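Every number in this text was worked out from the coordinates using simple rules, so none of it is lab data. Note that the structure is predicted; figures quoted are calculated from it, not measured. Counting neighbours? That spans all protein chains shown, and the Cβs are built from the backbone with ideal geometry, glycine included.
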Amino acid sequence: MTTLATRTPASPTHRGPQPPVSTSPSEVMAQPVRPTDGADEFSRAVLDSVVSKRGETLSVSVRSESEAISISSRIELLLLTVGMGTGSVSVRVAPSFLGDTYPAMHALAGALDKAGLSGMWTPVGGRTIRLVEAWQMFISVDTPSGTAVPGQPDRPDTLLEVVSADRIPTDWFRSRVAPRSSTKGLTTVFYGPSLRSDDGSESLFDRVRRSNLTKEWRDGVRRHFDTTVQATVASSAG
């Protein structure tokens, strides 16, 4: 199996005339959003925060880890495309390399190739994907990050994704991630399950979700999204 650590950039193959790749934020935002149910609203909120440099903290309850990968890989693809000429650094944090990070890297690599960018993106250090001037980095709790290379950034300035945040230790996040995620205008998003744990403990995701819902109640601005709830409403309406 080819991995990001060993994969070399593919030589462009002749596929006939290809449509131009848009790098305009307004054009990217106008493209139809493919994730189903409530994921489209969340994705648009994330992209709007990124493009507007508002640095919002958003959260979404998802039905499965595969749904989180589907949503995040699309967002990552769009941000890499938008930032390929101007520069951007995004980071995805997850609990396990084999269970969470590798499938996400594989999904993003496949999305890039499907978008016709196979000859443009390159793997860096085994845990980073670079598209011209845009970087997408991957970090796992259970294993150190990949080998750093000269010129590689060490912190995000565009988007920080915390996936399966219910399984990431709060203390680890505060000590290892938070100090490197204070860039002004950085959008931070948390993915987690709809249901809380049975033992009554409050996870990192639970805390972010509670904080976002409290802020929503105060000012009416949407910060938390739930694909399960929106899917149920859509099903009932049908």
Practice problem: Quickly rank 68-79, 175-186 as a protection proxy: mean count of other C-beta atoms within 10 Å, highest first. | Solution: 68-79, 175-186
Quiz prompt | Within straight-line cross-link reach of Lys215, lysines at Cα separation under 24 Å, skipping those fewer than 8 residues along the same chain | solution = Lys53, Lys184
Exercise. Using θ = phi - 60° and the Karplus relation 6.51 cos²θ - 1.76 cosθ + 1.60, list the HN-Hα couplings for the range 113-122 in order, rounded to whole Hz, with x at every Gly or Pro.
Key: 5, 5, 7, x, 10, 5, x, 10, 8, 9
Self-check item: Debye, to nearest 20: dipole size of the range 34-233, +1 on Lys, Arg Cβ, -1 on Asp, Glu Cβ
Solution: 500
Practice problem: Search the structure for amide H atoms under 5 Å from the amide H of Phe190, placed 1.01 Å from N in the peptide plane, and list their residues when 5 or more places away or on another chain. | Solution: Leu58, Ser59, Val60, Val162
Exercise. Pull up all non-local amide H partners of Arg92: gap of 5 or more, or a different chain, and H-to-H distance under 5 Å with H placed in the peptide plane.
Key: Met137, Phe138, Ile139, Glu161
Quiz item: Between Glu133 and Val221, what is the label-to-label distance in nm when each label sits 7 Å out along the Cα-to-Cβ direction?
Solution: 2.9
Self-check item: Residue-wise HN-Hα coupling along the range 67-79, computed from phi with Karplus coefficients 6.51, -1.76, 1.60 (Hz; x: Gly, Pro)
Solution: 5, 4, 5, 4, 5, 5, 5, 5, 4, 4, 4, 5, 5
Exercise. Using only alpha carbon positions, build the gyration tensor of the range 34-233, then give the equivalent ellipsoid semi-axes as the square roots of 5 times its eigenvalues, largest first, whole angstrom.
Key: 26, 19, 17
Practice problem: Can you tell me the equivalent ellipsoid semi-axes for the range 93-210? Use √(5λ) from the Cα gyration tensor, largest first, whole Å. | Solution: 27, 16, 13
